[in-house]
Amino acid sequence: MTKSKSTPAPELGPAGKKVAVPRRETANFAHMGMIIVDSLGGIVCADREAELVLKRSPGLLKGCRLKDILPETAAALSPVLTAARESLSLVSRELDNHLILAKAFSEPLSGAAVSIFEMENEAGAGARAKAAIAPHYREIVEASPSGVLETDKSGRIVFMNAAASLMTGLPANLAAGVLVSSLVEKNYASDVVTYEVLATGRAATRMVHYFKTDRRVLITGSPLFDPGGALEAVGVNMSDLSELSDLKNSLDSLKLAEKRLKEELEALKSGEGGEREMAAESPAMKKILEAAEKIALQDSGRILIAGESGTGKGLLAEHIHRKSSRAEEPFIRVNCRALPGPLLEEELQRRLSDASKGDVGPYSAFRGTVFLDAVDETPPEVRERLLSLLKDAYDRPPDGKEAPERRGFLIASMAGDPDDPAEKTRPGPELYRFLAEFTLRVPPLRERREDVLELSRRELVRLNRRYGAEKTLDPLALEVLLGCDFWGNAPELLNSLRQAVLLSDKPGVGECLAQILRRLEGNGTGAGGHRNASTSQLADDIAETEKRSLEKALDRCRNTREMAAMLGISQAGISRKLRKHNLPLPKNRRGKKENNGKKENNGKKENNGK
């Protein structure tokens, strides 16, 4: 006897062909009734469920022939019943949405059992599950630890659960009908995602700061479509990442404290102490510091500090902060060059928010100094959002006040000359205009020789303490230092002195320092050098060649951009070299020629046209 469990049950197809029933399909069914037939195919008995499925009155199935009720099933069973032997299970689907399983038996009496099952496909099972959940759906959403918010296609809130209300600070009973844009306008949130989803029809994700509750929340908006495929609403899921953000901030604070402790320990080891101060022995730097201290007395303002790399722009920003009445408030330094666009925006927003001390509205209690280092290196794609963020931090009135409140210093640094029209465009015209309420230009070391000696003396004292040495600046060292241009500015000077202190076998570092600077000049890694008899002629020849190249470029080019492309250097480099050789900007040399050239070209075109 063959066991039916080990053999797949056959199914009767449209032409009576037996086919295997997929396991996945037979896994979802519910038993609905049973019919017993004799060896001649007559119905001996049927339960009430079978009568309901076959739509027969109670007791009326008994005595009927199976072929009159289920003809396909009866036809499949007939050969088996005639042979009076047990058969494999036979499957039929002659009833819609039902599965019929017929099993013939020979002992103790010949006959068959016909079972009727209700089939459930995945859609049906899903519908049954949804129907079971539907009465409790609202309770499930309300109990969710994640925030859930739904808006209609106009951006008005339709539903908000308790978790979303807790994150946003907006009472759930007052949320219905509120435009999500008003959350930003009324300083509830830094951003919303609904309008982007409505505009694109695609999901979008944002990190949002809710100011009322001081929570940082990851929100994901998803489009919701009607049966016709039209976008009718937006569902927003909200995950509170404040604890994670707090842990990150704590870790950052620990790292900062560790860095400061290391710096203090290093200062103690080398016998140093106190704040870093700029060398200001030259008339130019004395004038700069005098102006900076006057600005510091204003206790607020936007300052743009320009100058070559290594001239001490960061030190000047710290000096302004220390000389102001805000010296005890935070000094926040953000390196625009080191952070890509999105991270720069997020980092500045986080730092400003942390400094706001919990007042209502973004940054409304901020009183410290923000220093944007290398703001001209800001990626162009984030400049507009950065400008908006900075305006909010320094110009937007706090809640309950009519006028903006001055909120400390915003200081930014950039390379190049702020008076050069070509340089003004580097941080972006609007961002430049916003930052340049006050402008300070730090001259390079080659324009303030007195500061070279003062800076060298300070550094030598520090290096002697650090390395336990007793080196001195002998007359040769003074001559070398005063004769070098130091195009790398302070970093080049300080690094050269450090090498001289470590490598010199004599008390005076002059001879070793001269060799170091000469090697830098020969390798092309330093732009300056010791102007002794053996090198001055070569430097003069190079300067003359450079000037001739600039003059040729001036005759051929209309602006500094074309000159930079022709000579293979940056626009900033072109501007510096023109000033170095006392040459005018291209527009002063080319304006008239360009106009004449245009007239000639127009004349030619007219003649050709005729």
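The values are calculated or read from the model by the stated rules, or taken from the named source; none is laboratory data. These numbers were taken from a predicted model, which means no experiment stands behind them. Neighbour counts run over all protein chains shown; Cβ positions are idealised from the backbone, glycine included. The area values use the complete protein model at the heavy-atom level, side chains included, leaving out ligands, DNA and RNA. Shrake-Rupley method; radii C 1.70, N 1.55, O 1.52, S 1.80 Å.
Taking the simple approach of a point 7 Å from Cα along Cα-to-Cβ for both residue 580 and residue 478, what is their distance in nm? Computed distance between label sites residue 580 and residue 478 equals 2.8 nm. Computing FRET efficiency as 1/(1 + (r/R0)^6) for residue 502 and residue 298, where r is the C-beta to C-beta distance and R0 is 41 Å, gives about 0.40.
The Cβ shell under 13 Å around residue 237 holds other residues with a net charge of -1, Lys and Arg each +1, Asp and Glu each -1. Between residue 250 and residue 325, the distance separating the two model label sites (each 7 Å from Cα on the Cα→Cβ line) works out to 3.7 nm. Reported to the nearest whole Å, the Cα centre-to-centre distance from the stretch 277-324 to the stretch 205-238 is 46. Which net charge results for the neighbourhood of residue 169, defined as the other residues with beta-carbon distances under 12 angstrom from its beta-carbon, given Lys and Arg at +1 and Asp and Glu at -1? Neighbourhood net charge equals +2.
Close amide-amide hydrogen proximity is noted between residue 508 and 472, each under 5 Å apart and 5 or more residues distant or on a separate chain (H modeled in the peptide plane; Pro and chain starts excluded).
Taking other residues whose beta carbon is less than 11 angstrom from the beta carbon of residue 197, and scoring Lys, Arg as +1 and Asp, Glu as -1, yields +2. Sorting 208-220, 162-174 by their mean Cβ neighbour count within 10 Å, with the most densely packed peptide first, gives 208-220, 162-174. One chain, two ends: residue 206 and residue 142. Fully extended at 0.36 nm per residue, the span grows by 20.8 nm beyond their Cα-Cα distance. Extension gain for the segment residue 241 to residue 549, taken as residue separation times 0.36 nm less the Cα-Cα distance, is 105.0 nm to one decimal.
Looking at this model, which pairs from 471/580; 313/391; 287/391 are more than 26 angstrom apart at the alpha-carbon? If you can, show how the numbers build up before the last one.
Numbers: 471/580 35 Å; 313/391 23 Å; 287/391 30 Å.
The pairs that break the limit, which is 26 Å between Cα atoms, are 471/580; 287/391.
Annotation: extensible slack from residue 195 through residue 159 equals 11.3 nm (criterion: 0.36 nm per residue apart, minus Cα-Cα distance). Modelled label positions at residue 179 and residue 338, each set 7 Å beyond Cα in the direction of Cβ, lie 4.2 nm from each other.
Largest first, the residues 224, 455 sort by 1.4 Å accessible area into 224, 455.
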